[in-house]
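To start, the structure itself, in structure tokens.
Every read-out reported here was derived from the displayed coordinates using simple, explicitly stated rules and does not represent laboratory data. In this text the structure is predicted, and so the values were computed from the model without any measurement. For neighbour counting, all protein chains shown are included, and Cβ atoms are generated from backbone atoms with ideal geometry for every residue, glycine included.
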Amino acid sequence: MKIYDVDNRIILYATIAVFSVGAFVNWLKADIPYWPLLLHEKGFIWAEVPSVIFYKMALVGLLDTGASTLLLLLNYHVGKKYKLTRTSTAFFLASLLISLSLGFLVGYGVKQIEMSQYSIFNVHMLYHIPTELGSKIVWCMLGVVMGSYKTEIKNA
């Protein structure tokens, strides 16, 4: 199935990259509510736990922002080859939504398997799903729109 003059491999590579980044970042974030307990079990005293959590949160935030930037750059290159129309934009948004949702569930699922004594799948996921999906989709679509806009200006 071709959408205009775009080879579907570009979209496939982009969705695989989005899935991989989503799975990795969500695997890192899945156990955040249990960090105090995990650190205390590893031998940290309660006075040390907040500073360790601060550094871990800074590292996870830096990795999340870096991954989102990489998605922006990847989708910028996709946008240079992808003609945005109503149909192609809807198709691309649907593929992003599906790959990010699967990445989210895989990341949390792997962490649940690793930490079977804690309940990773709980009510707080109802908050994390829309925020995670919304932010990554914005980064991806911003890259596609910028790449498509640059191509249209160059061709005009």
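Would you mind telling me which numbered condition in (1) more than 21 Å from N122 (Cα to Cα); (2) of a type in the set (D, E); (3) touching a residue at least 60 places away in the same chain (Cβ under 8 Å) D31 fails?
For D31, the failing item is (1).
Which ones in the stretch 125-156 are surrounded by 11 or more Cβ atoms within 10 Å (Cβ to Cβ) and more than 16 Å from the chain's Cα centre (by Cα)?
V145, M146, G147, S148, Y149, K150, T151, E152
Before we move on, is L74 under 12 Å from the mean Cα position of the chain (by Cα) and either over 15 Å from K136 (Cβ atoms) or part of a helix (DSSP H, G or I) (or both)?
On the way: under 12 Å from the mean Cα position of the chain (by Cα): no; either over 15 Å from K136 (Cβ atoms) or part of a helix (DSSP H, G or I) (or both): yes.
For L74, the condition - under 12 Å from the mean Cα position of the chain (by Cα) and either over 15 Å from K136 (Cβ atoms) or part of a helix (DSSP H, G or I) (or both) - is not met.
Run A47 past the list (1) touching a residue at least 40 places away in the same chain (Cβ under 8 Å); (2) exposed (fewer than 14 other Cβ atoms within 10 Å of the Cβ); (3) over 20 Å from the mean Cα position of the chain (by Cα) and report the number of the one that doesn't hold.
Checking A47 against (1) touching a residue at least 40 places away in the same chain (Cβ under 8 Å); (2) exposed (fewer than 14 other Cβ atoms within 10 Å of the Cβ); (3) over 20 Å from the mean Cα position of the chain (by Cα), the one that fails is (1).
When only residues in the stretch 95-124 that are aliphatic (A, V, I, L, M) and part of a loop (DSSP other than H, G, I, E, B) count, which is nearest to the chain's Cα centre (by Cα)? I'd like the intermediate steps shown before the answer.
To start, the set of residues in the stretch 95-124 that are aliphatic (A, V, I, L, M) comprises 96-98, 100, 102, 105-106, 110, 113, 115, 120, 123.
Retained after the next criterion (residues that are part of a loop (DSSP other than H, G, I, E, B)): 115, 120, 123.
Working: M115: 22, I120: 18, V123: 20 Å.
My answer is I120.
State the number of residues belonging to the stretch 51-81 that are surrounded by 12 or more Cβ atoms within 10 Å (Cβ to Cβ) and farther than 30 Å from R9 by Cα.
Final tally of qualifying residues: 5.
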